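Let me begin by presenting the structure, written as structure tokens, before commenting on it.
Please treat every number below as a calculation from the coordinates, not as lab data. Only a predicted model underlies this, so the values are computations on that prediction, with no experimental measurement involved. Because the Cβ atoms are built from the backbone with ideal geometry, glycine has one as well, and the counts that use them run over all protein chains shown.
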Amino acid sequence: MRRYLLLRVFQLVPVTLVVIVLNFLLVHLAPGDVSIVLAGDNADPAYLAIIRERYGLDRPFLEQLWRYLVQVGSGDLGVSFRSREPVFAEIMSRVPATLLLVGTSLVISVVLGTLVGAWIARRPGSALDSSVSALAVALFSMPVFWLGLMLVLLFAVELQVLPAMGMASVDGPRDGVGRVLDVAQHMILPVLALTTVSFGQYVRLSRSAVAEVMSESYITTVRAIGFPERTILMHYALRNALLPVVTVLGLQLGLVLTGAVLTETVFSWPGLGRLIYDAILARDTPIIMGAFIAMSVTVAFASLLTDLVYAALDPRVKLT
Amino acid sequence: MSALLLAAIRSRAALGASVAVILLAAVLAVLAPYLPLADPDAMIAVPYSPPGAEHWLGTDNFGRDIFARIVWGTRLALTVAIVSSAIASLLGIVMGSIAGYFGGPVDAVLSRTFDVFLLIPSFFLVLLIVALFGSHIGYTMVAIALTTWPRSARIMRAQVLSLKSRVYVQAARAAGASHTHTLVRHIVPNGIAPIVTDATILMGLAILTEAGLSFLGLGDQNVVSWGRMIFEGQRQLRLAPWMSIFPGLSLLVLVAAFNLVGDGLNQALSPQLRRLAARATPRKPVAAEPGDSVTGTDAPMLEARGLTLAYALDGKMLRAVDGVSFSLPRGGSLGIVGESGCGKSSLGAALLQVMAPNATLESGDVSIDGRTVLRDGRVVQANGRDVIADMRWTSVSIIFQSAMNALNPVMTVGRQLAEAYRLHKPAATQAQVDGRIAEVFDLIGIPRSRLPAYPHELSGGMRQRVMIALSLLHSPGLVIADEPTTALDVLVQDQILGEIDDLRRRMRLSLILISHDMGAVAETCERVAVMYAGEIVEIAPTDVIFEGASHPYTQALLAALPTVTGPRRELVSIPGETASLVNPPAGCRFSPRCTRAQDVCRSTPPPRVALGPAHDALCHFPGPERAS
Amino acid sequence: MTALLQLSGLTKHYALRRGALDALLGRPAPALRAVDDVTLDLGAGEIVAIVGESGSGKTTTGKLVTVQERPTAGSIRFEGREIAGLAGQALTDYRRHVQMIFQNPYEALDPRYTIARSVMEPLVIHGIGSAGEQRDAAHAMLEKVDLRPVSRFADAYPADLSGGQLQRVAIARALVLRPRLVVADEPVSMLDVSVRAGIMNLMLSLSGELGLASLYITHDLAVARAMSTRIAVMYLGAIVEEGPTETLVSRAAHPYTRLLVGAVPEHRPGMRRERVRLKGEAASLTAAPAGCRFAARCPRAQPVCLDTPPPRVAVAGGHWSACHFAAEVASG
């Protein structure tokens, strides 16, 4: 087990390397001077000089790459030229807000989606199955940012029952239960938007996984033994169907993070997405590069976690 | 491919609508410049006009016509969809084929590359590329393709790996074909269907990615993009909501159309998915009647009368079991033999009422251990519960072929047995459960040390023994064994058949052995029923079947069977093909292959003729084999 | 007379994967000894059956003969010429003379090819004849395998044919090059009894008519008996007994063969036979056995069997057994 874990952690290395090298290559391939790309169009000569020194831009190409690798490897993602703050610190300060949004939505959509998918998989091809499946496709075909806007239009503009902007009211309570309730209220619409879209994915995924498991011979065996349908579905089929759900969960975290960035933009949620959006507007390249690295490492790490969960669920995976 | 699509469309309305949507979008995209539309970029109308007769979908903050802009927007959406998914698929096909076909170190390097690239969150890479290189639609499309190709490559690699082991590919190689010939002629053409399916999903994804970029302000400003329209509409949400509503709806409809087409193709490509969707309407249950329960030992262990089971398949009904009748005395053993597709396994499942969801019992009566469980094809209920539900595993159990995954792969065998025991003995203590499981394991000769093993950790023979142990857990009076030794090696098969035979005698079990193997049945059963095309064509004591069969099919089967004992003789083959169950031949189903057939055989269903004690045959001219 | 095909000392070991740690420490990768020192001759026009259970190495032997796999050691001579190291044009020429028929008829043909095109393909690959001649040859071959009327089958697709018909097409394709040797790997095991006999009879009559030699690989002793003049029994990678078919079936000189013959379930009127009681676990395929590889499960094993590899003991003309007690076993 420990060996398996070690091996898997080791597999994070190539992804991280590729991402860093990609970053480096793209910056060098991009039109314009590298120092200006990294320091901004309006940088003063002194700052440009600092940047050149920092990245060794007058050194040979490979040395620059090496320097960059070492820098990023030690957690130094450069400096935002908008705030002059280290990119790493900027990103870390935004992680909690994004985590709150993504985490909440992921838990709700995975749990609900899997259950609904399993429920309609009892009778594949039935009217219930066809209509829920089609609805699921419609849900995840929705541009999440548009769905966000529509929710704002309905609940904030027309009905005026929910806040549409930010994470908390400007004049709201600063701490205690009041604060929690305030944040919770602000979360409703962004979480709803993000959840709706990924919910569709999990419904479909779990439906096809459960339907397939239900046609396996060992399900016929437990039926013949006399287990009631409910037990078969919830106890036997769902557990085995979780395997593909877990796999896809890891692979699709990138899509969920994409959704989060777009959702945060709509709702001015002060997370990573908003940071990226502001960076785009200000053409703050170091932030965009840093965000790319951060997101990639997060996805790679999540896929590691799902691999471990998979290994725990499926005894056929050899832990060597 | 197109034939496949047509077939898929016929089966699903949503798919037809989706194809129509995509075609309409394509027509609009091509014809946009020639349609009587307002200039999408002309700022001539009154800004912020709501939808109306003049401007169907209203105007935006610059006074541009939204309807015209949406029509022009289809151009960009479709271009992005087609170009980026085409590049990604092509790259994926080439790289995936190379990795899968050549294997070894080439594959090791390439598939690691796919894995690494698959983990890179594509949107953020595209974002970076566009942020660095500028908002040109060309960059966007290339960037999308570069982040999605590993998906196609992985699919293609898996396809090639599976196709590589196909016999026709091996045969081409063995015939002397070059790598290029094999890849280009056989592997790639047969492997790309799932890539095409996935490409439709990629198209939807590409459209959404471009829209997302445009919404973040990174879109190409020289083209009309739905995402950019929403970006512009966002600031006017209160004043002019139509600016965001309609482009978003267009995105939703087009992307959903692509996804539904992908779904439909997937379903059309996979017969298994289609089979999953097939389903028969369940028949209403009936209540038990006073005579339905006979106590005492005079009733036979099993009695089936006119049992008929049909599968709903692609709109047709396939009668796999057709009017089957037989009875099994207590402690008796009956072999049911027949070739693949004759309905013998369906018969086994029908007796326990654990058929596939697309199967229905059309008629027939079944009683087990003196209790009627099926009357006229309807489930018999007592006190609101299916009678069979209370008899499963306690009165009758079934042994499935273990190679077919009859045991749950993610549960230890010990736990599977424990749960099966607890189900019918909820009050049992842990010690009682453990004790009973140890008992049945000892009975079959499985070491108790194998209890914590998962099925995949056991050999085929051991798995089959676990299945037998499971079936004996509640000491049922009747065990149905469905091909219990198929796929096992001869020596192991012989041992297991011996064990089943042994247990039957010791525990006075009644046994039904379903098998394609005449020999296996001959040594284990007292009586044999021969099935052909859903019917029992002959049933008789074992010795009579092997030495004095009366049905031409039974005789032909035996004449076609090679043996190791007895004199070596020439095998006689049976002409023709097995009868179709969808359109069974008129008259006798075996008549097209029967050397003895007369006109009456081809026109009139044969009678069931009694030929001796417990011996009858379904034939117009039963009797000993005649020289032809 | 030199044999058409001579296998001597033929060996195929597959390197198993070893852990990264073992590789670093320089530990040798364990090998799966799929085929271990197989020696067998096949005369022109002769049909020899290789019989064995799964894991016996019978399929690998067939793959070595058809050069789908390369041997680790030993030699394969075809008409006196060594083919183990053959490559390029020489290999292509060899493949013209040695064809293969596979087990699974349902995957035997490219689903996108018409029947005639599949049968023509070997001619196309080898560039034999004009397109018209290739077509005629394919039609003639379909006629020979009794797919009549040929016009009905030639333009059909594999999906339209039954398993037995597909296997006939596969035979036609294998024979269209007029090979001298056919390796048939379980060609009827996936077919139902009622069509099986037809395919077996067809193969027998074609062999006679075309003077074809066959290596017939099967797990089924009864089928081997019907198809062959000689049988070689394989166990864990090695041939343990070889002899004329009838002799081997009725007077086996190796305990393993005896068990195999006894385990075939059949209607044996008036006699209840002794069921097989196998003891122990099968020996490992990865370790070279010290003595007889069947010793661990053999009902007659003696101390000598555990430490001394058995010699090939000639029992009668052309009949030998790799058993220390071959003579005793043969006499019952």
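The table below gives the values:
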quantity: Helix C:163-175 axis, angle to chain C major axis (alpha carbon atoms, nearest 10°); calculated: 80
quantity: Overall dimensions of the range A:190-320 as given by Cα atoms, namely Rg and Dmax in Å; calculated: 19.7, 66
quantity: Highest-MSF residue in chain A out of A:V183, A:V203, A:V19 [GNM, Cα springs under 10 Å]; calculated: A:V183
quantity: Nonlocal amide H pairs with B:L309, under 5 Å, H built at 1.01 Å; calculated: B:A320, B:V321, B:D322, B:G323, B:E362
quantity: Table column - 3J(HN,Hα) (Hz), the range C:235-252, Karplus curve with 6.51, -1.76, 1.60, x for Gly and Pro; calculated: 9, 6, x, 10, 7, 9, 7, 9, x, x, 3, 5, 4, 5, 6, 8, 10, 4
quantity: C:V313 long-range amide H proximity, modeled H, under 5 Å; calculated: C:S321, C:A322, C:C323
quantity: Crossing angle, helix A:285-313 versus chain A [Cα axis fit, 0-90 degrees, rounded to tens]; calculated: 30
quantity: Equivalent ellipsoid semi-axes, chain C, via Cα gyration tensor eigenvalues times 5, rooted, Å; calculated: 37, 25, 19
quantity: Between the range A:69-129 and the range A:274-302, the alpha-carbon center distance in angstrom; calculated: 13
quantity: Loop trypsin sites (Lys or Arg not before Pro), the range A:123-221 (other Cβ atoms within 10 Å of the site Cβ: 12 or fewer; DSSP); calculated: A:R174
quantity: Sequence-separation-based contact order of the range B:8-148, relative, with Cα cut under 8 Å and 6+ spacing, percent; calculated: 17
quantity: Label point distance in nm, A:Y47-C:A15, each placed 7 Å from Cα along Cα→Cβ; calculated: 5.7
quantity: Between the range C:101-126 and the range C:141-186, the Cα center-to-center distance that results, in Å; calculated: 8
quantity: Within the protein assembly as shown, percent of DSSP bridges classed antiparallel, to nearest 5; calculated: 60
quantity: Student exercise, the range A:2-73 dipole from Lys, Arg, Asp, Glu Cβ charges, in Debye to nearest 20; calculated: 680
quantity: Sparse-neighbourhood loop sites, trypsin sites (Lys or Arg not before Pro) in the range B:203-293 - DSSP loop, at most 11 other Cβ within 10 angstrom; calculated: B:R238
quantity: Relative contact order (%) - criterion: Cα under 8 Å, at least six apart; region: chain B; calculated: 11
quantity: Top of A:L99, A:L192, A:L154 by mean-square fluctuation, Gaussian network on chain A, Cα under 10 Å; calculated: A:L154
quantity: Phi-based couplings in Hz for the range A:181-190 (Karplus 6.51, -1.76, 1.60; Gly and Pro marked x); calculated: 5, 4, 4, 4, 5, 5, 6, 3, 5, x
quantity: Farthest positive-ward along the range A:88-313 dipole, Cα basis, beta-carbon charges - from A:A138, A:N240, A:A311; calculated: A:N240
quantity: Rounded to whole Hz, the Karplus (6.51, -1.76, 1.60) HN-Hα couplings of the range C:112-118, x for glycine and proline; calculated: 8, 9, 6, 4, 4, 5, 4
quantity: Formal net charge of residues neighbouring B:A42 (Cβ-Cβ distance under 15 Å; K, R +1; D, E -1); calculated: -3
quantity: Amide H within-cut-off set for C:I101, under 5 Å, with H built and near neighbours excluded; calculated: C:V183, C:A184, C:D185
quantity: Exposure proxy order (Cβ contacts within 10 Å, fewest to most) of A:M150, B:M507, C:M234; calculated: B:M507, A:M150, C:M234
quantity: Pairwise centroid distance, computed over Cα atoms, of the range B:126-155 with the range B:158-211, Å; calculated: 23
quantity: Span-like helix ranges in chain B, DSSP H, alpha carbon extent 30 angstrom or more, Kyte mean at least 0.0; calculated: B:66-102, B:137-164, B:193-215, B:242-269
quantity: At most 14 other Cβ within 10 Å, DSSP loop - trypsin sites (Lys or Arg not before Pro), the range B:436-514; calculated: B:R508
quantity: Cβ-Cβ FRET estimate between A:L128 and C:A159, R0 fixed at 25 Å, reported to 0.05; calculated: 0.15
quantity: Sequence-separation-based contact order of chain C, relative, with Cα cut under 8 Å and 6+ spacing, percent; calculated: 20
quantity: Average partner coverage of B:448-455, which counts Cβ from other chains inside 10 Å; calculated: 1
quantity: Exposed-loop-free span, longest in chain C, where trypsin sites (Lys or Arg not before Pro) count as exposed if DSSP calls them loop and at most 11 other C-beta atoms lie within 10 Å; calculated: C:18-271
quantity: On Cα atoms only, tilt of C:88-97 relative to the major axis of chain C in degrees; calculated: 90
quantity: Total lysine pairs whose alpha carbons fall under 26 Å of each other in the protein assembly as shown (8 or more apart, or interchain); calculated: 10
